[in-house]
Structures are given as C-alpha cells and as structure tokens.
Amino acid sequence: PPVYVQRYTAVKNVLEDDRWHGKIRKVVDFGCAEFGFFLYMKHIPGLQEVVSVDIDYEVLNHYCCRAAPLNADYLNARQEPLTVRVLAGSIADRDPRLLGTDAVICIELIEHLYPSTLEAVPYTVFGFIQPLIAIFTTPNSDFNVLFPDLAGFRHPDHKFEWSRFQFEDWATNITTRYPAYTVKFQGIGQGPKGTEVHGCCSQMAVFFKLSHFTPALINHPTSQHQDLEAEECEET
Ligand code: SAM
C-alpha cells in the first residue's frame, strides 16, 4: 500500500490496540485537512467523539461533508453513536472544547508549522489537553537521499524535515519537560531492500501518559496488530 495508507493504518492500530481497548473515547485530529484519517478512525469501536481541527477554513468547508455518515454506515452501524465536531483554528489555540481528550493526533502536521507555532505544540498538547496518548508523524529526512530528483523538501509548504535523530530529540525533550509522558518511535514505509540504513519514509512518535500505561503494558507486544511491510513508497 502507499505510504499514506500505511501511515493511517499505523495510527489507527495505536488507537484501537487491544492493550488499552476502551480507553480511547475522544480523539482530536489536528491538521485534519481533507478528513482522510477520519475515514479510517470512524470505524474504531468504543470511540465516542472526534474533534477535527485545521487552520484552513476553505479546506474544512469543502471536505467536512466527509464527516457525515455514508449510506453504507447505516447498513453496518456502529454500536455507539459518534459525535464529530469540526473546528477551524490553530493547534496553538488552547480551546476548552479540546479538553477531556484521550488521544491527540498530528499526522504530517508539525513540518508545516512556523517555529512560533511549533513551540506552542507541547503547551497545547501536553500542558493543556493532557491526553492519554499523543501521536505525531512527520517525514524522515534521512530517507530523502532515496528520492532521485528531490531538490529541497518533499513539499513546498514544509518549513523543515527532520532526521530520525532530530525528531527523537524533539520528542524526548518533550518528555523531559512533561515527565508524565514517555515516548516510543516507529518507522512507517520501508524502502527497498538494502536501504534500511536510511530508515523509513515517515516516522511516528507515540507519547503515553505514564499514570495510565505502565512501562510493562507499553512494551508488551500487542496480540492483534503486526507492523506493516512496505511495498512501495511515495513522496508526501
Ligand atoms: N493530517 C492530514 C492527513 O494525514 O491526511 C494531512 C495534513 S496536511 C499535510 C497539513 C495540514 O495542517 C493542512 O491541512 C494545514 O491547513 C494544516 N495546518 C497548518 N498549520 C496548522 C495549524 N497551526 N493548526 C492546525 N492545522 C494546521
């Protein structure tokens, strides 16, 4: 599958992991864009509320119909209702409607943020919302040498692209500032055989609130989900 599908699947697998089944009821998806991940998330059992946030009002206006149920959803209905709220705003805004959230998701968002907004991210997520789980994905710049004609970043709106070391440094620094959390890393989108030294196309950090997840629980392998094998890569 293409890398974006592997990314959505990896994030979804974290949310519905049977090790913490039932704990994730409210999710905030920052930088939801075209509601691509929402279409994966809406089938997760036990989920009760999704708050989709993006700074781009036009994009939200155009795509928010994707948050509405499809006819097929009535045939194969969820066990419990799912409330979806769509908010136009920045991840830097600490809005009370974000409180009570169990999981925060930022898929390919941070590399689009200017430094002052990026600096606000830990305050919003770990200082204000304080979710049980926070998931961030971002391109792995170590992998960029494998793109033949890449001049600069993978996308014109990227403000930076981080190596695995830089991303891990950013994330572990957050756990120093917010010691209630620990963080785990995973690559998404393996390259062709022989390119393993560059890591994967994309990288994911998953923060866990230690008061709710013991290290034994976090480190214990999940019974349900396997890491995905990548077959192909695409630029993001
Ligand atoms: N998460 C989406 C997905 O995986 O399908 C794609 C994210 S897209 C690459 C980045 C999105 O972040 C854009 O829709 C952009 O409008 C949004 N964005 C940029 N700055 C933001 C901010 N300060 N707060 C919230 N969203 C922001």
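The values are calculated or read from the model by the stated rules, or taken from the named source; none is laboratory data. These numbers were taken from a predicted model, which means no experiment stands behind them. Methodologically, a virtual Cβ is constructed for each residue, glycine included, from the backbone with ideal geometry; neighbour enumeration extends over all protein chains shown. Note: areas computed on protein heavy atoms with side chains; ligands, DNA, RNA excluded. Shrake-Rupley method; radii C 1.70, N 1.55, O 1.52, S 1.80 Å.
From the list 66, 78, the lone residue that is open to solvent by less than 90 Å² (accessible area, probe 1.4 Å) and more than 9 Å from the ligand (Cβ to nearest atom) is 78. Take the residues of the stretch 173-217 that are closer than 19 Å to residue 104 by Cα and of a type in the set (Lys, Arg): which is surrounded by the most Cβ atoms within 10 Å (Cβ to Cβ)? It comes out as 209. In the set (1) part of a helix (DSSP H, G or I); (2) open to solvent by 30 Å² or more (accessible area, probe 1.4 Å); (3) within 15 Å of the ligand (Cβ to nearest atom), residue 145 fails one condition alone, (3).
Filtered by the rule that a residue be near the ligand (Cβ under 10 Å from one of its atoms), part of a loop (DSSP other than H, G, I, E, B), farther than 15 Å from residue 98 by Cβ and open to solvent by less than 20 Å² (accessible area, probe 1.4 Å), the stretch 32-54 gives a lone residue, 35.
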